[in-house]
Amino acid sequence: MNDGSLEIRDVTVQFGGLTALDGVSLAARPRQITGIIGPNGAGKTTLLNTACGFVKPQSGMVSFDGQVLTGLRTHRLAALGIARTLQGVGLFPGLTVAENVMIGATPSAKAGVWSALFGLPRSDRDERRLREQAMAALERLGVADQANELPGTLSYGLRKRVALARALAARPRLVLLDEPASGLPENELPELGDLIRDMAAEAGVVVIEHRMDLVMSVCDTIFVLDFGKLIAHGSPAEVQADPAVTAAYLGADGEPGPPAEGEPGPTAEGEPGPTAEGEPGPTAEGEPGPAAGGPANLAPDAPADGQADA
C-alpha cells in the first residue's frame with residue numbers, strides 16, 4: 001500500500017522462551033493518530049522497536065509506504081520519512097537546544113550534521129539549512145526562545161518539547177511517539193494533545209501511552225495488546241466499551257491488574273532499544289552507550305521520570 005501507511009502483518013517476536021508479540025497485525029494510516037495501549041508487559045514498546053528495525057521478528061513483516069522495513073538497517077528510517085521519540089528525552093547535554101534539534105534534520109544535510117555543527121569544510125550551506133529547519137520546529141513547539149540554552153537548564157516539560165521538535169525537524173511522514181506524556185503533570189496533557197493533533201495534520205502518528213485520558217482524546221484508532229496478543233481495536237468509544245479491554249486492565253475478578261505507569265513491569269519490554277538518534281544501543285532509561293551519529297562522549301541525558309519500558 002503506497003500511501004504512507006505503516007503496515008504490521010502477523011508479527012511474532014520471541015526472547016528466549018518468552019513470546020513478546022504473537023501474530024500481531026495492525027495498520028496506521030497517514031494523517032491519523034493511531035494509539036497502541038495495553039498493560040505493562042503487553043508488548044507495546046517491543047512492537048515499536050520491531051517497526052523501527054531494532055528488534056528482528058521471528059515471523060511476519062513490517063512495511064511503510066510499500067517499503068519493507070523488516071531487516072532494513074535502522075539508519076535508513078529517517079531517509080524514508082520515519083521519526084521516533086523515546087520514553088524519556090534523550091537529549092545531548094553538551095549541545096544547545098538548537099543543535100540538538102539540528103541533529104533531527106540530518107537527512108537533509110549533504111555534508112553531514114557533524115560537519116555542519118563543527119564547521120568542517122563545505123558545511124556552511126548545510127548549517128544554515130539545518131538551523132532554519134531546527135528553528136522552525138522549535139517555533140512550532142513553542143520553545144524557540146530557548147534555542148541557545150543547554151537542555152539541563154530547562155524544565156522536564158520543555159525538554160520533552162525539544163525532543164518532539166527534533167523528531168519533527170526532518171519533516172517526517174510518520175512519527176512514532178513512545179509515551180510522550182511520561183513525567184508530565186496532568187495540567188500539561190491538553191496542550192500535549194493539541195501538539196499531537198498538530199503533527200497529524202502533516203504526518204501519520206503512532207502513539208504508545210499509559211495516560212488513557214490523553215489516548216482517548218486524541219486517537220482516531222486504538223489497538224490494544226495484552227500478553228503480546230492483539231485483543232481489541234477500533235475507535236476510542238469502541239475500545240472503552242470492549243469487555244476484553246476492561247478485563248485486561250482490571251483482571252477477570254475486577255481487582256486492579258498491571259502496575260500503573262512508572263512502576264516496574266515484565267522484562268519483555270526491557271530489551272535494548274534505540275538511542276536518541278534511532279540506532280541500536282542504550283535504552284531511554286539512561287543506560288551507558290554512545291548515541292549514533294555523534295562522538296562517543298556525547299551520550300544523551302537520562303530522563304527524569306526513570307520509568308520502565310511499557
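The values are calculated or read from the model by the stated rules, or taken from the named source; none is laboratory data. On a predicted model such as this, the values are computed, not experimentally measured, just so you know. Methodologically, a virtual Cβ is constructed for each residue, glycine included, from the backbone with ideal geometry; neighbour enumeration extends over all protein chains shown.
Residue count for the range 176-224, restricted to those that are within 16 Å of Lys160 (Cβ to Cβ) and β-branched (Val, Ile, Thr): 5. Considering the conditions (1) at pLDDT 90 or above; (2) out of contact with any helix residue (DSSP H, G or I) (no Cβ under 8 Å at 6 or more places or on another chain); (3) farther than 22 Å from Gly88 by Cβ, Val239 is excluded by exactly one of them, (2). Inspection of the range 59-78 identifies no residue that is in a loop (DSSP other than H, G, I, E, B) and under 20 Å from Pro180 (Cβ atoms). Annotation note: of Thr50, Thr46, the sole residue that is hydroxyl-bearing (Ser, Thr, Tyr), outside any strand (DSSP E or B) and either surrounded by fewer than 17 Cβ atoms within 10 Å (Cβ to Cβ) or in contact with a helix residue (DSSP H, G or I) (Cβ under 7 Å, 6 or more places away or on another chain) (or both) is Thr46. Among the conditions (1) modelled with pLDDT of 85 or more; (2) under 14 Å from Ala163 (Cβ atoms); (3) of a type in the set (Gly, Ala, Ser); (4) within 18 Å of the chain's Cα centre (by Cα), Ala134 misses just one, which is (4).
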